[in-house]
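Nothing in this text is a laboratory measurement; each read-out follows from the coordinates by a stated rule. Treat the numbers as computed from the prediction; the structure is a model and nothing was measured. Glycine gets a Cβ as well: all are built from the backbone with ideal geometry, and neighbour counts include every protein chain shown.
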Amino acid sequence: MLKLINALQSADDEYLIALSNKGTVKRSYKDLNNTEISAEYLEDSVCVSVSDEKCTIVPTLAESKCTCPSRSICRHIVTAILWLKNNFTETSDDSSQPADTAKPQETQETSQTEESSQTTENPLPQNLTDELSCFPLKEIQKAMKKRYYNAFIEKAEKGIFPHMEELRMVTVDIPEENVIVKLINPLAYSACTCHSKDLCRHKATAILTWQLKHGIVTLENIRPNDEKNLNLDIQHIHDTATYTYAFLGDILANGLVRISDDIVENTESVAVMCHNARLADCERMTREIKNRLQAYVLHQPEFKAESLFSLIIENLLLLEKIIHTDVPETLNNYLGEFKSSYELFDSIEIIPIAWRKFSSVAGYKGEIYYFINKDTQSENRYLTYSDIRPDFYENTRKKGLSQAPWGLFGTVREIAKSELRLKLPRLSGGKISASNETSATIINKVSFNQKAVYDNIYTDFARMVCDIFSEKAKSDNETDHLVMFVIKKCVRSEFNDIQQTQNIVVEDEFNHIITIRATYSADNKEFIQQLITLGEAMLKDTNRLLFQKQFVIFGSIYMEDGQAFVYPIAVFDNIRCKNNVSYENSPSETAYLKHSEYFFAFFKEIQHMLCDIIQCGINSFDLYNQIEDYASESQKIGLLILSQKLTTLYDILKAKNHSVRKDSSAVIPLICDIYCYVSVGQQKTELGIALENLNQKEKDIS
């Protein structure tokens, strides 16, 4: 009976609410005063009559039974527990009570004293502590499931845990799920606001949180193993990669002039094969190759043989690595991911600055939203949120504006008017995920006149180009090519009717010039018209505009044929940053300009020669003298490795001309090797050319 008395004393209102619910406890308090109740004391339990029902109350209160139809802890059981709590106190001296039930009153004070001494160290009942400590990790992982479990471990490694309180029970608040868990003894009767009676993922999270806090388990012991490499079908991957390699090799061998009428459909089929074999990066490149082949078949003006050739070479190089790799861990790195891996952060504050429509050659369409990270020490100065979906399947693009992410109301464009604080955001190379775990709070309206914006604005174009394209800073992340810069004046503004581009040449404080270039399309014709109007206005009355407004351009900087261009995303005339930005001296250009122009042009010529192969095909290529001349020139200028590779290519192609065999297996890897060599050479010399072009005001931009 002592165990039952201790259990009754521990059963406060919070415990009873966790055992049943708040409404049941409230109803039981009313029944306590309005219902006839009697009790029969047994050896280890009490039989309590509540109205017409009989309740058997046992020391483990959650296992008490009632004769009513309810299968859970009903109001009769709760009423019986409340009555017994009062009954043991008020009838302790009643002679009608059995002797063994009167004894506990004598030991109650001592038991309370012992219990109070334990409470100072551990407020939880010992039986609950024991059950929590022994709860198996396998059951926790099974309930949480792999994705949710991995997300919990990722947050735990960054010190992010649910809020937990320990009184007579364990209460765990999981805000991102908007649930509260109450762990009681026995754990099977614990309560969760998701109303699950079984071990839900929230209860499992609460148990694991308690075990981590008390050192029952450690992060090192429960960190999940990387199992994604263990399920690779290596043979299937190798077979698919070999088939894709041969398919792309045939395009190079036969040339564009001999491609079949169904080449676009066949390339799409190969992309599907890559998808089924988990070759994510190869699938993306193959789909882009398909779209470029379609542009060639339809004689679209945007088709460029160089772009198609470089894509095929890049895909072939990756496929070659996959084919010759058997180690699962290494192979998995080459396969790529269908979805980017995102890193969890505690919180960030972001300033929305612009958005634009997006359409890629690979068949994706949507919108991209741009933000400035208010943390000036972060590696990601700019952040983006993309609402992009594949357009190569039917009925995949939803109509209308997208709903705002991160638990906010309205559309994405509406929230792009306010500064935001994101809690538990996930980032991947400057891209923000639309994870349901991330929550957003609106801080205030957008203001561009603040330090976080000023720190990103360049006044020196040479410094800007060096910061983005130097060997140390070179990056493939889209956000690392985003720039903001101040315009001193406009030099030229014109629309190229042939290329369908608007070109605005602008100058900085140090007389460096750079070209802002935007290509006309149906999606951005309004923005092109704004650029035309802006260029005309700046040219018409430069001095008056300088006194009235200061133009800041936000866009993406890129290189093309040794010249830096900026694709404009937004133009601002309301940022007063001139007095807030310190003007820096231009970087020394002599280190970049030494022989850069000659080597860049030489590498470019070899690349053009290689690209000619995709037009006529390896089997029909007969410009042997040109290859021999480049090999000789490479030897004269000290590029001995390149000279050797070109000589080998010359010998193989010359031999093929006198053979009936059309096997190109030896030529394709060599062409890929030479292409990589000259591409690296171009990259190393392009920065010097770009810096030199910043000083050439009269350079033809068309």
Under the Karplus relation with 6.51, -1.76 and 1.60 and θ = phi - 60°, whole-Hz ³J(HN,Hα) for the range 312-319, x at Gly and Pro, equal 5, 4, 4, 5, 5, 5, 5, 4
The value for the chain (convex hull of the alpha-carbon atoms, volume per residue, Å³) is 226
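Which of the residue pairs 155/213; 339/374; 26/54; 357/423; 158/213 have a Cα-Cα distance greater than 18 Å in the structure shown? Write out the running numbers ahead of the final one.
Details: 155/213 14 Å; 339/374 27 Å; 26/54 20 Å; 357/423 27 Å; 158/213 14 Å.
Pairs exceeding the cut-off: 339/374; 26/54; 357/423.
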Helix 201-213 sits off the longest principal axis of the Cα atoms of the chain, rounded to the nearest 10 on a 0 to 90 degree scale, by 90
Exposure proxy check on 443, 415: fewest-to-most Cβ neighbours within 10 Å is 443, 415
By the mean-Cβ-within-10 Å protection proxy, highest first, 146-156, 370-380 rank as 370-380, 146-156
When all Cα-Cα pair distances of the range 149-240 are considered, the percent exceeding 21 Å is 42
Averaged over all viewing directions, the convex hull of the alpha carbons in the range 215-291 casts a projected area in nm² of 7.0
Simple SL model, points at 7 angstrom along Cα→Cβ for residue 150 and residue 654; separation in nm is 5.5
With 0.36 nm assigned to each residue of separation and the Cα-Cα distance removed, residue 63 to residue 2 gains 20.3 nm
Taking max minus min of the Cα coordinates of the range 234-335 on each principal axis, largest first, gives extents in Å of 43, 22, 21
Given a Förster distance of 35 Å, the FRET efficiency implied by the Cβ-Cβ spacing of residue 160 and residue 232, rounded to the nearest 0.05, works out to 0.65
Mean 1/r over distinct Cα pairs of the range 596-693, inverted to a Kirkwood Rh in Å, yields 14.1
Taking r as the C-beta separation of residue 34 and residue 127 and R0 as 25 Å, the FRET efficiency to the nearest 0.05 is 0.15
Simple SL model, points at 7 angstrom along Cα→Cβ for residue 403 and residue 644; separation in nm is 6.2
Fewest-first ordering of 47, 274 by Cβ atoms within 10 Å yields 47, 274
Extension length gain for residue 411 and residue 445 (0.36 nm per residue less Cα distance), in nm, is 10.6 nm
To the nearest 0.05, the calculated FRET efficiency linking residue 522 and residue 495 through their beta-carbon distance, R0 being 22 Å, is 0.85
Simple SL model, points at 7 angstrom along Cα→Cβ for residue 13 and residue 299; separation in nm is 8.5
In nanometres, the difference between 0.36 nm per residue of separation and the alpha-carbon distance of residue 349 and residue 376 is 8.7 nm
PRE zone check, label point 7 Å out along Cα-to-Cβ of residue 665, amide N under 19 Å, scope the range 248-272, hits 248-254
